[in-house]
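First the structure, in the form of structure tokens, and then the observations on it.
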Amino acid sequence: MNIVKTSIDKIINIRKDYLNSLPEFQELHLELMIAFSNLYSLQANNIEIGYVIRTTEGVLIEFYVKDEYVTQSQVFLNQVVRELSISEIYCKSFDYLLLSACLLNSLSYTILGVLYRDYNTALVQIDHDLKMRLAD
């Protein structure tokens, strides 16, 4: 397998496959990290078989291989970690492909639950003539 640096427009279709395969929505925090990350196409015999997104700090935030290559995902992840000098992997608990590849490679892990929210200022003008109270 070859790991080739690429751009978002080159992996957009396979990334849609990945996002559609997830049983939950992708976290906003990870989406915001992508703009400052490096993207790589995973290729075998000049055929795209998957992709990887790695931050400039060496954190793997997305790893995906097409269904027909899932049985080799453990080997592919091991190669990605080695060749791209991955220092950490942010693995969503519902990303079964990455989670199983990490566990099959016996990578050490820490369980961390994080909730991210995107807050904006209120778009509605507050009416000071209205009285507010806590609900019963």
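None of the figures in this text is laboratory data; all of them are computed from the coordinates on show. Remember, predicted model here, so these are calculated numbers, not experimental data. When we count neighbours, we look across all protein chains shown, and the Cβ atoms used for this are built from the backbone with ideal geometry, even at glycine.
Here's the picture: charge each Lys and Arg Cβ at +1 and each Asp and Glu Cβ at -1 in the chain, and of ILE47, ILE61, PHE94 the one pushed furthest to the positive end of that dipole is ILE47. Pairing the Cα long axis of helix 8-21 with the longest principal axis of the chain, what angle in degrees results, from 0 to 90 and rounded to the nearest 10? Between helix and principal axis, roughly 70 degrees. What FRET efficiency do you get for GLN43 and LEU103 if R0 is 30 Å and r is their Cβ-Cβ distance, rounded to the nearest 0.05? The calculated FRET efficiency here is 0.75. Highest mean packing first, where packing is the average number of other Cβ atoms within 10 Å per residue, the peptides 64-72, 9-17 line up as 64-72, 9-17. Using only side-chain charges placed at the Cβ, +1 for Lys and Arg and -1 for Asp and Glu, the dipole size of the chain relative to its Cα centre rounds to 240 debye. The GluC sites (Glu not before Pro) of the range 1-42 that meet both conditions, a loop assignment by DSSP and at most 10 other Cβ atoms within 10 Å of the site Cβ, are GLU24.
The calculated FRET efficiency for the pair LYS10 and GLN74, based on their C-beta separation and a Förster distance of 30 Å, comes to about 0.75.
In nm², what is the average projected area of the convex hull enclosing the Cα atoms of the range 2-104? Mind showing how you got there, number by number?
Details: hull surface 24.1 nm².
Averaged projected hull area, Cα only: 6.0 nm².
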